[in-house]
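The values are calculated or read from the model by the stated rules, or taken from the named source; none is laboratory data. Quantities reported herein were computed from a predicted structural model and do not represent experimental measurements. Counting neighbours? That spans all protein chains shown, and the Cβs are built from the backbone with ideal geometry, glycine included. Quick note on the areas: whole protein, heavy atoms, side chains included, nothing else; ligands and nucleic acids left out. Shrake-Rupley method; radii C 1.70, N 1.55, O 1.52, S 1.80 Å.
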Amino acid sequence: MSRLRFVAAFAAALLGLGLAAPSVSAAPNDKKATVAVLHAIPAGKGADVVDVYAGDIRLLNNLTPGQLRTLKVRPGTYDIGIYADGSMPGSGQPLLAIDNAVFLAGTCSTITANLDASGAPTTNRFADCSAKNPVGFGRLTVRHIAAAPAVDFRANGEVLFGALTNGASATKRVAASNYAITVALANNDAVVLGPTTVNAVRPLNTIVYAWGSATDGTLALATQRVNAKG
């Protein structure tokens, strides 16, 4: 696999471990950023089980497809390397890497490692913060990060967002309730994913991801809940 530019968000684990390394610098700021990481590259695509390093220090061990982790990170700049399980800096090039990744105070975002429309590993970064929901309302966000054509996301059978392409994200305020989310090819009634039931409620941003590969039969849904900001 060619070297890819990937997931700075793993650096957030530095805080929990109390570690520092030459490749990581953090600003002295008490207001942290919230960073989520979704490993959405299916098994068999070269990133099945990975270890995550900041410089020479291992931060995360045995991260597997489908895992979503949320962390708090000080504002700062981070250098991250993602290695095949058991490998480490000095034993070769990382599978995935990003240098000088910046996280700002008070922000919330998700980094995904996923497939592009043609099935090649890639990454996306999404902003998760949203305005607070009024009483009686919630927020639904959907994201297409699968190796698949354009799709429609439906809520309780009705099209919520239509013809989303790989890498797209869309959000909408909805009445607070439970929603059955399904995914179909754009302008086609045949459901290819779901249903999965989610609760859209104040004060959360409820996020649904379509990930995997249509060709390989590995399509799946992942869900996430993020507190809205003021």
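Using a probe of 1.4 angstrom, how much of the accessible area of the stretch 154-199 is carbon and sulfur, in percent? Each step should come with its number before you reach the end.
Details: 1120 of 2450 Å².
C and S fraction of accessible area: 46 percent.
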query: Ranked highest first by the average count of other Cβ atoms within 10 Å around their residues, in what order do 165-174, 198-207, 219-228 fall?
result: 198-207, 219-228, 165-174
message: Can you compute the label reach from residue 131? Point 7 Å from Cα along the Cβ direction, backbone N cut-off under 18 Å, restricted to the stretch 167-204.
response: 170-176, 201-204
- request: Can you tell me how much longer the chain between residue 118 and residue 190 gets when fully stretched, taken as 0.36 nm per residue apart minus their C-alpha distance, in nm with one decimal?
  value: 23.8 nm
